[in-house]
Structure formats: structure tokens, C-alpha cells
Amino acid sequence: MFPSPESEEPVVVERAIGRTGGEVVLRRVGADWELVANGVFLMDTRDGASERAMVRASLDALPADRTGARVLIGGLGMGFSAREALDHARVAHVHVIELEPLVITWHAGPLAPVAGRLLEDPRCEVTCADLVSWLEEATGSYDAICLDTDNGPDWTVTEGNERLYRPAALDRLERLLSPGGVIAFWSAMPAPEFALLLERRFGAVEVIEVPARRGGPDLVYLTRPRRG
């Protein structure tokens, strides 16, 4: 039985050792849910505006005649990114890569209503895998790649995730893009060095600021590789 929505103190609904050996925690705070991994607060259900903005900006940046788009999303989280993509008229398929099996399980249980029961949508494919390792073997083509696996390039959640923000991983991401495709990275803080890396590797980088409930804005780094 879940805690009463009237309770404002964080209540642990489930905690377990995750795939990387750290603790993964699902908490209920009043009517909202929170995800914590390895002692790092990841996200909650109070807003999700910047995750949605990342997806909208990516899809809006595609060529005007692009329909039936395929979207790759790194990180399931609360499902805001995947739901935004599925609700977009230009999208035909969404593929989510999520490291933690527990997060996927929770989307079949207590988190299912948060993002409209993603796992029941036939257009939504969820793969349980480490994104960096998955990229090494990945095939196929995506029109938009939206990555929200960490709190940003300079604040990774698990050891090894920094590989995602290095040139080798960027090369793999580019290989998965269809012509005219877009790559976007979410960050909770400015990452100027990473922005410079993207600019050197891909060309112009658009930095989108989305006001957060507390502190500075969340940021989205969006780029379209020169090819295509």
C-alpha cells in the first residue's frame, strides 16, 4: 500500500541495489514521486518542463517535411521525455534506453499513470541497457536523439557515464542519426566545455534555458551535425 498523498514527508516506497551496485530509491512526497540513485537526486514528478522542452525543441528542429520520426531517448526517469515524444504528431516510434530494471518495473506499477502508461503503448520500445555500451553495438536510424541519463555532463550519476560525453560516444550517436537529424543533451547546470566540444564536433550548438523551480535554469544543448 502506498503512502497517503496528504503526507509531505518523503516516504520510501521501494529501495534496492541497482545494476551498478548503488542504491536506487523510489520515494513518495505528498502527491509526487521522486527518484534517487547512488545518493543523487535525479528527478521528481513536480514539473518535467525542461525534459519536455528538450524533446519539443529537437522535433521542431527537424526538417519541415519530416514525418514518421523515430526518437531515441537516453533515460526513462519519470517518462516525461518519452510521453512528450509520443504525443507529438511527427513521431511514429520512441525507443528508450534505461539502465535500471527497477525504473522500468516501477513504470509498470506505481509510476504507470505519471506518463500515461508508456509500457502499454505499442509505439514505445524500452530497452534495459547501459546506454554507452548499447551504443557500441547499436544499429538503425533515428531522427532525434534526446539524452537525459545524468544531471549533466559535469554531474554524472554513475561511474563510467562520463564516457557518454566524450568524442567516441558522440561519433556513435552521429552514426545513428538520419540525415538532418538532431542530438540534444539535458543538463541541470551550465557545461561550457561540453558545449565547445559539441561545437567543434558538430557545428553550431543551441543552448536552451528552461526556468527551474529552484536555482538556475535547466539547460538543453541541441546540435545538428553538419552532414546531411
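The values are calculated or read from the model by the stated rules, or taken from the named source; none is laboratory data. None of the values given here were measured: they were computed from a predicted structure. No Cβ is skipped: glycine too gets one built from the backbone with ideal geometry, and neighbour counts run over all protein chains shown.
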Exercise for review: Would you confirm whether any residue within the stretch 136-154 is more than 12 Å from the chain's Cα centre (by Cα) and in a helix (DSSP H, G or I)?
Suggested key: yes
Practice item. Return only the number of the condition from (1) surrounded by 21 or more Cβ atoms within 10 Å (Cβ to Cβ); (2) free of Cβ contacts under 8 Å to residues at least 60 places away in the same chain; (3) touching a Pro at 6+ places or on another chain (Cβ under 7 Å) that Leu219 does not satisfy. Key: (2)
Check your understanding: Does Arg27 fit the bill of being more than 19 Å from Ala129 (Cα to Cα) and either assigned to a helix (DSSP H, G or I) or over 17 Å from the mean Cα position of the chain (by Cα) (or both)?
Key -> yes
Practice item. Within the stretch 93-114, identify whether any single residue is surrounded by fewer than 22 Cβ atoms within 10 Å (Cβ to Cβ), aliphatic (A, V, I, L, M), in contact with a Cys (Cβ under 7 Å, 6 or more places away or on another chain) and at pLDDT 95 or above, and answer yes or no. Key: yes
Exercise for review: Report yes if Val157 is among the hydrophobic types (A, V, I, L, M, F, W, C) and under 14 Å from the mean Cα position of the chain (by Cα), otherwise no.
Suggested key: yes
**Study point:** Residue list for the stretch 54-73, restricted to those being under 23 Å from Val205 (Cβ atoms) and either free of Cβ contacts under 8 Å to residues at least 60 places away in the same chain or crowded, with 24+ Cβ neighbours inside 10 Å (or both)
**Key:** Met54, Val55, Arg56, Ser58, Asp60, Ala64, Val71, Leu72, Ile73
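Among the listed residues Ser133, Ser81, which satisfies the condition of being on the phi < 0 side of the Ramachandran plot, touching a residue at least 12 places away in the same chain (Cβ under 8 Å) and in a helix (DSSP H, G or I)? Explain how you work it out, then say what you get.
Details: Ser133 fails: touching a residue at least 12 places away in the same chain (Cβ under 8 Å).
Answer to the check: Ser81.
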Review point. Is at least one residue of the stretch 13-26 without any contact (Cβ under 8 Å) to a residue 24 or more places away in the chain, within 21 Å of Arg117 (Cβ to Cβ) and not aromatic (Phe, Trp, Tyr)?
Key: no
Practice item. Working only within the stretch 174-186, note down all residues that are out of contact with any Cys (no Cβ under 9 Å at 6 or more places or on another chain) and crowded, with 24+ Cβ neighbours inside 10 Å. Key: Gly181
Practice item. Check off (1) within 17 Å of the chain's Cα centre (by Cα); (2) within 24 Å of Gly203 (Cα to Cα) for Arg166 and give me the number that stays unchecked. Key: (1)
Check your understanding: Among the residues of the stretch 75-112, which ones are more than 15 Å from Arg52 (Cα to Cα) and aliphatic (A, V, I, L, M)?
Key -> Ala92, Ile97, Leu99, Leu102, Val103, Ile104, Ala108, Leu111, Ala112
